[in-house]
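Everything below concerns the one structure shown next.
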């Protein structure tokens, strides 16, 4: 068989497939509204299932809601913990500089007393991710938040080390905003 005849047969086959496909699409589209039928062309009762979750409704009165004060405390503690606990030899001390405006004078003094080791020649770093937080104690002007973290230690060509650690963050209200007064790894 020569090339021209093969091409003609392929074209005809493609045209037939397209026509059959269009016919099937139209047929299914027309049939979709009809009731399914069984033997003897009798209508078949198809059971309808209703998912339980579709009937659930949100009830604001049963959901605990944290106040703006609690939200501010938790947000600050989580963010502070992540920055405080993350560092690398490529960016020594930068994480602590970012924390100065969020710290009391006592905490600022503690941050300033940290002296990075600039003699390190191999890369090493620590990444801290806040997983959860809860207020342990709270008054109008102070509070303590416990932050649970995942920490990943990276060193040169060694495999990463993953561990979990909690941080206790003590906060003090200064004017109209919360500041971190002390932090303690647990």
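Please give the number of the condition residue 121 fails out of (1) without any contact (Cβ under 8 Å) to a residue 24 or more places away in the chain; (2) over 20 Å from residue 173 (Cα atoms); (3) touching a helix residue (DSSP H, G or I) at 6+ places or on another chain (Cβ under 6 Å). Residue 121 satisfies all of (1) without any contact (Cβ under 8 Å) to a residue 24 or more places away in the chain; (2) over 20 Å from residue 173 (Cα atoms); (3) touching a helix residue (DSSP H, G or I) at 6+ places or on another chain (Cβ under 6 Å) except (3).
Would you mind stating whether residue 140 is assigned to a loop (DSSP other than H, G, I, E, B) and within 22 Å of residue 69 (Cα to Cα)? For residue 140, the condition - assigned to a loop (DSSP other than H, G, I, E, B) and within 22 Å of residue 69 (Cα to Cα) - is met. Going residue by residue through the range 63-71, is there one that turns out to be surrounded by fewer than 10 Cβ atoms within 10 Å (Cβ to Cβ), outside any helix (DSSP H, G or I) and modelled with pLDDT of 60 or more? Checked against the condition, which is being surrounded by fewer than 10 Cβ atoms within 10 Å (Cβ to Cβ), outside any helix (DSSP H, G or I) and modelled with pLDDT of 60 or more, the range 63-71 yields at least one hit. Among the residues of the range 72-98, the ones that are over 27 Å from residue 133 (Cα atoms) and either exposed (fewer than 11 other Cβ atoms within 10 Å of the Cβ) or at pLDDT 90 or above (or both) come to 1 in all. The single residue among 76, 146 that is on the phi < 0 side of the Ramachandran plot, touching a helix residue (DSSP H, G or I) at 6+ places or on another chain (Cβ under 9 Å) and in a helix (DSSP H, G or I) turns out to be 76. Checking each residue in the range 121-136 for being farther than 19 Å from residue 79 by Cβ and surrounded by fewer than 12 Cβ atoms within 10 Å (Cβ to Cβ) picks out 121, 122.
Cβ separations smaller than 6 Å between residues 6+ apart or across chains give no pair from the range 10-33 residues that are surrounded by 10 or more Cβ atoms within 10 Å (Cβ to Cβ) to residues that are part of a helix (DSSP H, G or I).
The values are calculated or read from the model by the stated rules, or taken from the named source; none is laboratory data. Not measured: the values here are computed from a predicted model. Reconstructed Cβ throughout: ideal geometry from the backbone, glycine too, with neighbour counts over all protein chains shown.
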